[in-house]
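Shown next, in structure tokens, is the structure this report addresses.
Read-outs: derived from the displayed coordinates by stated rules, not from any lab. Worth saying up front: this structure is predicted, and the values here are computed from it rather than measured. Cβ atoms come from the backbone with ideal geometry, glycine included; neighbour counts cover every protein chain shown.
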Amino acid sequence: MSFDVELKSVARHYGQVKAVDGVSFSAGPGEVVALVGHNGAGKTTLIKLMLGLARPTAGSVAVLGQDPAAGNASVRRRLGYLPETVSFNPALTGRETLRFYVRLKGGKPSEEDALLERIGLAHAADRRIGTYSKGMRQRLGLAQAMIGAPVVLLLDEPTTGLDPELRQQFYAIVREMQAQGTTVLLSSHALSELEGNASRVIILNEGRKIADGTLDELRHIARLPTKIRLKTCEGGAGRLREWIGKPAKLTQINGHIIEIDATPEDKAAFLRRATAEGAPFEDLEMVPPGLDELYAHFLAARTSK
Ligand SMILES: Nc1ncnc2c1ncn2[C@@H]1O[C@H](COP(=O)(O)OP(=O)(O)OP(=O)(O)O)[C@@H](O)[C@H]1O
Ligand SMILES: [Mg+2]
């Protein structure tokens with residue numbers, strides 16, 4: 001398999017600070033890789049290394065088979081980048097701004113109109129950016145990153161400041177790009193939104209990679225319990241507790257809802273028993289561990305080493 005992005009044992013130190021420390025990973029066409037981690041974990045530095053804006057202190061970075069810091073113009077043209085803080089000239093309109101970037105990047109004439117349509121800003125294209133909301137400016141930033149149909153898209157905290165609906169719209173566009181074979185790398189603090197939107201998650205802490213995999217793989221490695229939420233009739237929680245029995249770790253939420261923490265094996269055994277015995281509950285809901293819990297797990301595992 002050929003990779004669009006390949007990092008091998010990359011380090012980037014700033015004096016004593018190890019912003020990135022021995023990170024390796026690769027990403028291929030159609031992958032959406034999320035870089036997650038606390039403030040200062042090294043996400044932006046990794047993105048800058050992939051853009052060639054920072055040079056590695058050690059190790060190697062290849063983007064589309066080239067060293068991005070070498071300044072190869074054909075590679076640059078095939079990269080799209082949305083910086084952490086987007087700032088545009090407030091006196092220009094959305095269309096003027098995008099046209100400027102289309103020319104700068106050697107995009108197709110009038111490409112700005114198609115992009116404005118695609119990100120849902122056509123109605124405000126001739127308004128000055130000074131009158132745009134934060135979400136509109138963020139979308140304009142995304143349109144700018146999409147000029148020239150990039151093969152690799154690097155998005156630094158693209159959904160910061162977007163409301164839930166705009167986030168969903170944003171991820172719908174990312175999925176379209178993914179379907180066209182674009183390799184997308186994005187950084188995020190909002191872990192929960194990555195469910196269903198990232199094909200892989202890389203967890204960073206103090207410059208180091210502490211986990212890398214699909215959400216399912218990470219869940220499997222972490223072996224975090226699934227929550228089984230059981231609902232019974234009002235006041236029936238006591239009887240339900242008795243039926244569940246002692247060994248299960250359970251939390252009584254109120255008079256009719258109980259939650260059990262179940263390992264994957266417990267879960268199957270519990271369902272078999274419930275079916276066989278006609279369990280005293282009316283409804284059951286399974287809540288698999290979310291990304292936030294996974295993140296906490298890998299961080300704790302790291303710091304206890
Ligand atoms: N140019 C620089 N000079 C000195 N230190 C830097 C430089 N760039 C980054 N750092 C340091 O490297 C570490 C990683 O920074 P980076 O910006 O990559 O983190 P981040 O994960 O993007 O954080 P955030 O979530 O706050 O955006 C931080 O400790 C930061 O202070
Ligand atoms: Mg950052």
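Listing for the model above:
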{"item": "At most 15 other Cβ within 10 Å, DSSP loop - trypsin sites (Lys or Arg not before Pro), the stretch 183-261", "result": "R223"}
{"item": "Which of I173, I244 has the fewest Cβ neighbours within 10 Å, and the rest in rising order", "result": "I173, I244"}
{"item": "Residues of type lysines that K18 reaches as a straight line, Cα spacing below 25 Å, ignoring anything fewer than 8 places off in the same chain", "result": "K8, K43, K48, K209, K305"}
{"item": "Alpha carbon centroid spacing (whole Å) that separates the stretch 3-52 from the stretch 119-172", "result": "23"}
{"item": "Reachable aspartates and glutamates, given that their alpha-carbon falls under 16 Å from the alpha-carbon of K231 and they are not under 8 places away in the same chain", "result": "E242, E259, D261, E282, D283, E285"}
{"item": "Distant alpha-carbon pairs in the chain (separation over 27 angstrom), percent", "result": "52"}
{"item": "Kirkwood Rh and Cα Rg combined as Rg/Rh, the stretch 216-305", "result": "1.04"}
{"item": "Over the chain: helical MRE at 222 nm, DSSP H runs n ≥ 4 each giving -39500 (n - 2.57), nearest 500", "result": "-10500 deg cm²/dmol"}
{"item": "Neighbour-count order for D292, D4, fewest beta carbons within 10 angstrom listed first", "result": "D292, D4"}
{"item": "Given charges at Cβ of Lys, Arg, Asp, Glu: the chain dipole, positive-most of G120, V17, M286", "result": "V17"}
{"item": "Degrees, to the nearest 10: 164-179 long Cα axis against longest axis of the chain", "result": "70"}
{"item": "The chain, relative contact order in percent, only Cα pairs under 8 angstrom and at least six apart counted", "result": "20"}
{"item": "Relative exposure of E112, E259, E282, judged by other C-beta atoms within 10 Å (fewest first)", "result": "E282, E259, E112"}
{"item": "Straight-distance crosslink candidates among lysines, where the alpha carbon sits under 18 Å from K134 and sequence neighbours closer than 8 are dropped", "result": "none"}
{"item": "Folded to 0 to 90 degrees: helix 264-277 orientation relative to the chain principal axis, Cα", "result": "40"}
